[in-house]
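J.: Here it is, the structure in full.
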Protein chains: 4
Amino acid sequence: MLKGFSVPLTPQGESALAGSPPWHYSSDCIAIEYWTDPDAVAALLPPGLAPDEGSQGRAFFWFLDWQFTGSNDELTDPARYQYREAFVLVEAVHGGQPVNYCPYIFVDNDAAMARGWAQGYPKKLGSVFQTRSFSAPSPAAAPLSVGSRFGASLAAHGERLATARLQLKETVADPRTVFNRPTTMRRYFPQLAADRQGLPAVDELTLSLTDDLRIVDVWAGSAELRIPEVQGEDMHRLAPRRVGRGYRFGMAYSVTDLRILNDDARRR
Amino acid sequence: MLKGFSVPLTPQGESALAGSPPWHYSSDCIAIEYWTDPDAVAALLPPGLAPDEGSQGRAFFWFLDWQFTGSNDELTDPARYQYREAFVLVEAVHGGQPVNYCPYIFVDNDAAMARGWAQGYPKKLGSVFQTRSFSAPSPAAAPLSVGSRFGASLAAHGERLATARLQLKETVADPRTVFNRPTTMRRYFPQLAADRQGLPAVDELTLSLTDDLRIVDVWAGSAELRIPEVQGEDMHRLAPRRVGRGYRFGMAYSVTDLRILNDDARRR
Amino acid sequence: MLKGFSVPLTPQGESALAGSPPWHYSSDCIAIEYWTDPDAVAALLPPGLAPDEGSQGRAFFWFLDWQFTGSNDELTDPARYQYREAFVLVEAVHGGQPVNYCPYIFVDNDAAMARGWAQGYPKKLGSVFQTRSFSAPSPAAAPLSVGSRFGASLAAHGERLATARLQLKETVADPRTVFNRPTTMRRYFPQLAADRQGLPAVDELTLSLTDDLRIVDVWAGSAELRIPEVQGEDMHRLAPRRVGRGYRFGMAYSVTDLRILNDDARRR
Amino acid sequence: MLKGFSVPLTPQGESALAGSPPWHYSSDCIAIEYWTDPDAVAALLPPGLAPDEGSQGRAFFWFLDWQFTGSNDELTDPARYQYREAFVLVEAVHGGQPVNYCPYIFVDNDAAMARGWAQGYPKKLGSVFQTRSFSAPSPAAAPLSVGSRFGASLAAHGERLATARLQLKETVADPRTVFNRPTTMRRYFPQLAADRQGLPAVDELTLSLTDDLRIVDVWAGSAELRIPEVQGEDMHRLAPRRVGRGYRFGMAYSVTDLRILNDDARRR
C-alpha cells in the first residue's frame, strides 16, 4: 500500500512532497495595490472567467514569508517547510461575481510547489525576500509603526522580476475593506503522449477554500512597485501603470478542500 | 489564446515552465550498480509492475549533469535550462518484460520538474554534484583515463541523501551490455476536492520514449555508494547491501512522446 | 579616490561588501546551552585564552535570523542584507576574566562574511533555518507561549551540521543571568607569498563591542541538540555530552568599534 | 597546535576554508574582449598602477566553471570544491609593463572566496552559468565546432549583472596572441578598531603566479556582452562601448606563491 497525497508515493509516506490535508499556514505579507493594462489582464484569463469592467486593470502584487505545518509538527523542520512566495492577483468576474485570479506565482520550496499545483496555482521557483519586523529595537528592526520602511523583491534564475517598497502610514481597522474577493485558479496537468498533447489531462477552474482565515495587524501606506521586462518571462505585461497603497499584515488559514467551478470540464 | 505545454499559460507562451516537445538533452552521467533489499523494491512498485525475481534487488543510482534545449536555443540560457539530477532505477517486470522503474528522483531546476512530472518522474528538489572531466591537464582535471577518481552527491533541504565514489578502470565497448531495460514511471496527479482526495485525477503507468538515444565514452570501474537514513525521506530503505561496478559516460536523447502502459486506467 | 570599508573598492563605494560602520543589527535568536568535551574546547583556543576550569565544557549553540542596516536604508533591500547565521560559543578565560570564544560560525550572505572576518569571526557559508513566530493565529504560527515548539538547523555543502529542538516553558526576567560573558574572536588573515605562508599578516585576539545591546522577550525551555560527524568538518568534536536549557529571544545591537586584546601581536 | 591556511583554525585542520598550497585548478572558460570607458578604468586602479594609454579601455569579461583540488583528492568532493566564477580584467601598466587588473570578481563557493581574498581578488558571491560542451551528440550538446552557440550569465542577490553570447567561428593556434598580460590584484584587509578604520591592516599590490599554466582548445568567434546598471553595484560603469571577439577554451594552473609588488607598503 503506497502512501502520499503527492508523488513520490512510498510504503511509509515520508517522502511525498505533500501529505494529506489539513494544511496549516501562517505568514507575514506585503501586498501592493496597482493598476495595469486591462487588455493584458483580459488576455490572461482562462475559460470561465470574464474581465471585470469596473476594475480598470486593478491588481495586487503579494510577497509572503510562510510557515507551514501539517499534522506532524512540520513547523519544527523549517529547512523543509518554511518558504517564501510572491504572486499577482488580477481582478475578474466569474458567473457575475467579482473574483481574483492568479496568473503568476513563485515559491522557493518544492513541497509548496506540489501543494500549489494540486490547487491550481501555476507555481515556479523564485527567490523572494521581504523586510521583516523584529522585536528588539534597532535602526534595523523595521517595527510596525508610522514611518517604517519595507522592501520586497522577487527573482528567478538570476533575473529580478519584481521590486517593491512600502512606508507604513496607518492601521486598517477592517481588512475586508481591502481583501474581499475569493481567489480562482486554473488547475492544469498536460499530456505528453504524442496524439494528446493538445488535450490536458486536467483543466479545471478552481476556487481557493481557506478555513479559519485570519488577517491581523494590517497597516497601510505609500508604495512603489516595478515589474521589469526580462527575457523568458511574460509577467512584465502586467507591469504597473499606476500604484495604489501598500499593505503589511499577518495572515493565517488552513486548507482541507478545493472547489471545482467548471465541474463539467473535468472529464473532457 | 493561451500558450504553454505546462503552466503558467500565457498569450505569449514565454513564461511556461515547459514548452511543447521536442525536448533535447545531453549529459554527463555517473551510474552505480548495486543490490538492495528485494522486499524494499517490491514494496515500492505501482500497480502493473511485478518484482523481477531474477534481480535480487539490483538497482542503479544515477547522477547527471544535464543540458537542455527546446527549439529556441534554450541552451544559450544556461541559468534557466542547465540542471543536475540524481535518481534510482530499480528492476521490475511489466507484462513479462524486464524494465526499470524510477521511485525517487531529484533535480535542481523547476523546468525539469515540470517536464518530469508530465512524464511520471516523481521529481523533488535537490542539490546534485559530480566530479567533471576538464580538458586542460591538471591534478584537478579528472580525465577519462585509467585511475581517475570521481565523486558524486545528492542533498535536499540540507541533508545528504547519497554519496558515491568511482575510480575508472576500463572502457566498455557496448553500453547495451549494461543499460538495456526500458524505464517505466508512475504519472500521478492528485485531487484536492474533499470528496475525491483518495481518487487521483491522473494515475498511469508510463514508459519513457527516448528518440536518438546516444551513449558514448563509457568507462567502468570500482565504486562506493552510501544512502544514509534521513528524517523525512524514505529512500534509505533502498540503501545498498552490495555495490557493483560504477560507470561514467555521456548520454543524449530527445523526447517527443510518452507511452501509457495501462491506458484503461487513465479515466478511473 | 576609492571607497569601501571592505573590497571591492570603487570610486562610488556601492560595490563594497561592507560599508563603513555603524552597522545595525536586529535578530530572532535560538540558543541552546550544552556541555561538550572540555579537552576539545581547550584544543581550539587561540593564544591569549585559557580554558575556564569551572565551565566543564559549557557552550552555547546559536541560530539567528538577522536583519542588517547601515546608514542608507539597507534594510529595505532584504535580498542583499537579510541573512541567517549559526555559531558556537565556548567558555574560556582571558586575563582572569570569563569570556566566550567563537571557533565556528556559518552565514548565508557575503556581506555578513566580510564584516565578520574584519571582526575575527571565522565565517563560512551555510544554510540556516529556525522556526519563526507569526502573529496570525494558526497551528503553524509558533507563538511565544508555553508549549510552543521550535526547530533549527545548519547545513553546509549539502551536509547537516547541527539540528536543534526547543519547547518553550517560561519567560526569563533578566537575560543577564544567562548571557553575561563578552565574546572574543581571532582576527586572522594569512599570507600566500611562499616564504611567509606560516606568518599570518593579521593575527589578533579581539573582543566584540556591541553598542545599544538589547535582549528582549526571552523564553526558556527544554532543548535537544545534535552535531553529527561530517567529512571535511571538525565541529562535531564539540558535540554535546549533555544538553541544558534552550532559549528563544530577540537581540539587537550596533557595531562601531573593535577591541584588540593582544595589541603587541598586531605587527609580528 | 591549530591548523589551516585560512580560518577557521582547528587542531585537525579539516574545517579551514583553505588548506595550504599547492592549489590545483582546471576550468572551462568563456572570455569576451570588449572596450569600455577608459576613464572608468582609470578611476578603479589602485596605487601603483597607471592607465594603459594604448588600451583605450580594453577589457575582458570572463566566465569560468572551475574544478579545484588540493593534496587530498578534494576533486572527489564536488559539492564542496567545484565552483563557478565571473570577473573583469582591465588593462593597465605597472612599472612600465602592461598588466591586467581585476576590479570585480564573483564566485559561488566560500573556499574559493577565502583563497581569492588571500591573493587579492575582491570576491563576492554570485550565481554564474555558462553553456557547456557535452560529448553525446544532440541539439543540446554545444560541441566545440564551427557555429556552436554559447551563453553565459552572472547574477548576485537576484539581479542580473552580466549576460554574454558567443558563436564559435575558428580555432586559435596560439593563445598567447590573446592572453599575454600578467594579472595584478589589490590584497586588502581592513581594520575595525575605531581609531584605525582608515588604515587597512593589509594593502598590497600583488601579482598572480600560476604554475604549469595550460590553455587548450581555444576557439574564437563573434560575441555579445551586456553589463546592466543595478542598484547597489558599480560594475555597470565598466559596461561595453564596443565588443570584440569571444573565446572559449580550457585552462589549468596551480598556485603555490604570490608576488607582492609594493613590498614597502606591506607594513604601513
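J.: With in contact with a Leu (Cβ under 7 Å, 6 or more places away or on another chain), at the interface with chain B (Cβ under 10 Å from one of its Cβ atoms) and outside any loop (DSSP other than H, G, I, E, B) as the only criterion, which of A:ALA59, A:ALA40, A:ALA79 stands out? Show your work before the answer.
T.: Working: A:ALA59 fails: at the interface with chain B (Cβ under 10 Å from one of its Cβ atoms); A:ALA79 fails: in contact with a Leu (Cβ under 7 Å, 6 or more places away or on another chain).
Going through A:ALA59, A:ALA40, A:ALA79 in turn, the sole match is A:ALA40.
J.: Still on this structure, please answer the following. Restricting to the range A:151-177, count the residues that are modelled with pLDDT of 95 or more, closer than 23 Å to A:CYS102 by Cβ and away from chain D (no Cβ under 14 Å).
T.: Final tally of qualifying residues: 2.
J.: Could you list, in sequence order, all residues of the range D:21-37 that are in contact with a strand residue (DSSP E or B) (Cβ under 9 Å, 6 or more places away or on another chain) and outside any strand (DSSP E or B)? Please lay out each step first, then the result.
T.: Taking the range D:21-37 as the starting set, the residues that turn out to be in contact with a strand residue (DSSP E or B) (Cβ under 9 Å, 6 or more places away or on another chain) are D:21-36.
Correct list: D:PRO21, D:PRO22, D:THR36.
J.: Additional query: Taking C:SER71 as meeting all but one of (1) within 11 Å of chain A (Cβ to nearest Cβ); (2) at pLDDT 95 or above, write down the number of the exception.
T.: (2)
J.: Which count do you get for residues in the range C:90-115 that are under 21 Å from C:PHE61 (Cβ atoms) and either more than 12 Å from every other protein chain (Cβ to nearest Cβ) or of a type in the set (Phe, Trp, Tyr) (or both)? Outline the logic, then answer.
T.: Just the residues of the range C:90-115 that are under 21 Å from C:PHE61 (Cβ atoms), to begin with: C:90-93, C:98-109, C:112-113.
In the following step, the residues that additionally are either more than 12 Å from every other protein chain (Cβ to nearest Cβ) or of a type in the set (Phe, Trp, Tyr) (or both) were identified as C:90-93, C:98-101, C:104, C:106.
Within the range C:90-115, residues that are under 21 Å from C:PHE61 (Cβ atoms) and either more than 12 Å from every other protein chain (Cβ to nearest Cβ) or of a type in the set (Phe, Trp, Tyr) (or both) number 10.
J.: Is at least one residue of the range A:104-114 in a strand (DSSP E or B), farther than 30 Å from C:ALA142 by Cβ and touching a helix residue (DSSP H, G or I) at 6+ places or on another chain (Cβ under 6 Å)? If you could, list the steps in order and put the result at the bottom.
T.: Taking the range A:104-114 first, the residues in a strand (DSSP E or B) are A:104-107.
From the residues that got through so far, the ones that are farther than 30 Å from C:ALA142 by Cβ too are none.
Checking the range A:104-114: not a single residue is in a strand (DSSP E or B), farther than 30 Å from C:ALA142 by Cβ and touching a helix residue (DSSP H, G or I) at 6+ places or on another chain (Cβ under 6 Å).
J.: A further question on this structure: Take A:SER153 and tell me if it is polar (S, T, N, Q), within 21 Å of A:TRP66 (Cα to Cα) and surrounded by fewer than 23 Cβ atoms within 10 Å (Cβ to Cβ). Steps first, please.
T.: Details: polar (S, T, N, Q): yes; within 21 Å of A:TRP66 (Cα to Cα): yes; surrounded by fewer than 23 Cβ atoms within 10 Å (Cβ to Cβ): no.
So A:SER153 fails the test.
J.: Another question, if that's okay. Just one of the numbered conditions (1) over 16 Å from the mean Cα position of the chain (by Cα); (2) more than 26 Å from C:GLU14 (Cβ to Cβ); (3) open to solvent by 10 Å² or more (accessible area, probe 1.4 Å) is not true of D:ASP28; which one?
T.: Answer for D:ASP28: the failing condition is (1).
J.: Right, next: Kindly provide the set of residues from the range C:197-226 that are surrounded by fewer than 15 Cβ atoms within 10 Å (Cβ to Cβ) and either touching a residue at least 60 places away in the same chain (Cβ under 8 Å) or within 13 Å of chain D (Cβ to nearest Cβ) (or both), ordered by number.
T.: Hits for the range C:197-226 are C:GLY198, C:LEU199, C:ASP211.
J.: Here is a further query. What number of residues in the range A:227-253 are touching a His at 6+ places or on another chain (Cβ under 8 Å) and away from chain C (no Cβ under 14 Å)?
T.: The total comes to 5.
J.: Another question, then. Given the condition of a type outside the set (Val, Ile, Thr) and farther than 19 Å from B:LEU258 by Cα, answer yes or no: does some residue in the range B:114-125 qualify?
T.: Just the residues of the range B:114-125 that are of a type outside the set (Val, Ile, Thr), to begin with: B:114-125.
Checking which are farther than 19 Å from B:LEU258 by Cα leaves us with B:124-125.
Yes, that holds for at least one residue.
J.: Condition test on A:VAL107, is it open to solvent by less than 30 Å² (accessible area, probe 1.4 Å), closer than 27 Å to D:ALA156 by Cα and touching a residue at least 40 places away in the same chain (Cβ under 8 Å)? Quick ask: steps written out before the conclusion?
T.: Numbers: open to solvent by less than 30 Å² (accessible area, probe 1.4 Å): yes; closer than 27 Å to D:ALA156 by Cα: yes; touching a residue at least 40 places away in the same chain (Cβ under 8 Å): no.
Judged against the criteria, A:VAL107 is not a match.
J.: Now a separate question. Only one of these conditions is not met by C:LEU64: (1) under 25 Å from C:GLY151 (Cα atoms); (2) not in a strand (DSSP E or B). Which number is it?
T.: Going through the list (1) under 25 Å from C:GLY151 (Cα atoms); (2) not in a strand (DSSP E or B), C:LEU64 breaks only (2).
J.: If I filter the range D:44-54 for residues that are buried (at least 22 other Cβ atoms within 10 Å of the Cβ), more than 13 Å from chain C (Cβ to nearest Cβ) and in a strand (DSSP E or B), do I get at least one hit?
T.: no
J.: Can you give me the ranges of the strands (runs of 3 or more DSSP E) entirely in the range D:115-160 with at least 1 residues that are more than 30 Å from D:PHE189 (Cβ to Cβ) and within 24 Å of the chain's Cα centre (by Cα)?
T.: Numbers: elements: D:123-125, D:127-130, D:149-156.
Of the strands (runs of 3 or more DSSP E) lying wholly inside the range D:115-160, those with at least 1 residues that are more than 30 Å from D:PHE189 (Cβ to Cβ) and within 24 Å of the chain's Cα centre (by Cα) span D:127-130, D:149-156.
J.: Hey, another quick one. Looking at C:LYS169 and the list (1) open to solvent by 20 Å² or more (accessible area, probe 1.4 Å); (2) at negative phi; (3) out of contact with any Gly (no Cβ under 7 Å at 6 or more places or on another chain), which single condition is not satisfied?
T.: The number of the failed condition is (3).
Residue-by-condition table, conditions (1) of a type outside the set (Asp, Glu); (2) closer than 20 Å to C:LEU125 by Cα:
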residue: C:LEU9; (1), (2): yes, no
residue: C:ALA16; (1), (2): yes, yes
residue: C:TYR25; (1), (2): yes, yes
residue: C:ASP37; (1), (2): no, no
residue: C:GLY48; (1), (2): yes, no
residue: C:TRP62; (1), (2): yes, yes
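J.: Please state which one of D:VAL255, D:VAL172, D:VAL243 is β-branched (Val, Ile, Thr) and more than 21 Å from the chain's Cα centre (by Cα).
T.: It is D:VAL172.
J.: Give me the pairs, please: first residue somewhere in the range C:135-159 and under 30 Å from A:LEU213 (Cβ atoms), second residue anywhere and among the polar types (S, T, N, Q) and open to solvent by 30 Å² or more (accessible area, probe 1.4 Å), beta-carbon distance under 6 Å, and either six or more positions apart or on two chains.
T.: C:ALA142/C:SER133; C:PRO143/C:SER133; C:LEU144/C:SER133; C:ARG149/C:GLN167
J.: Just a yes or no: is a residue in the range C:178-187 within 14 Å of chain D (Cβ to nearest Cβ), closer than 22 Å to A:THR76 by Cα, open to solvent by less than 40 Å² (accessible area, probe 1.4 Å) and under 17 Å from the mean Cα position of the chain (by Cα)?
T.: Taking every residue of the range C:178-187 in turn, none turns out to be within 14 Å of chain D (Cβ to nearest Cβ), closer than 22 Å to A:THR76 by Cα, open to solvent by less than 40 Å² (accessible area, probe 1.4 Å) and under 17 Å from the mean Cα position of the chain (by Cα).
J.: Residues being among the hydrophobic types (A, V, I, L, M, F, W, C), open to solvent by 30 Å² or more (accessible area, probe 1.4 Å) and more than 15 Å from C:SER135 (Cβ to Cβ): count how many of those fall in the range A:128-150. Explain how you work it out, then say what you get.
T.: Of the residues in the range A:128-150, the ones among the hydrophobic types (A, V, I, L, M, F, W, C) are A:128-129, A:134, A:136, A:140-142, A:144, A:146, A:150.
After this cut, where a residue has to be open to solvent by 30 Å² or more (accessible area, probe 1.4 Å) as well, the list is A:129, A:144, A:146.
Checking the rest, the ones that are also more than 15 Å from C:SER135 (Cβ to Cβ) come to A:129, A:146.
The number of residues fulfilling the criteria is 2.
The values are calculated or read from the model by the stated rules, or taken from the named source; none is laboratory data. Note that this is a predicted model, so its numbers are computed, not measured. When we count neighbours, we look across all protein chains shown, and the Cβ atoms used for this are built from the backbone with ideal geometry, even at glycine. Keep in mind that these areas ignore ligands, DNA and RNA; they rest on the heavy atoms of the full protein, side chains included. Shrake-Rupley method; radii C 1.70, N 1.55, O 1.52, S 1.80 Å.
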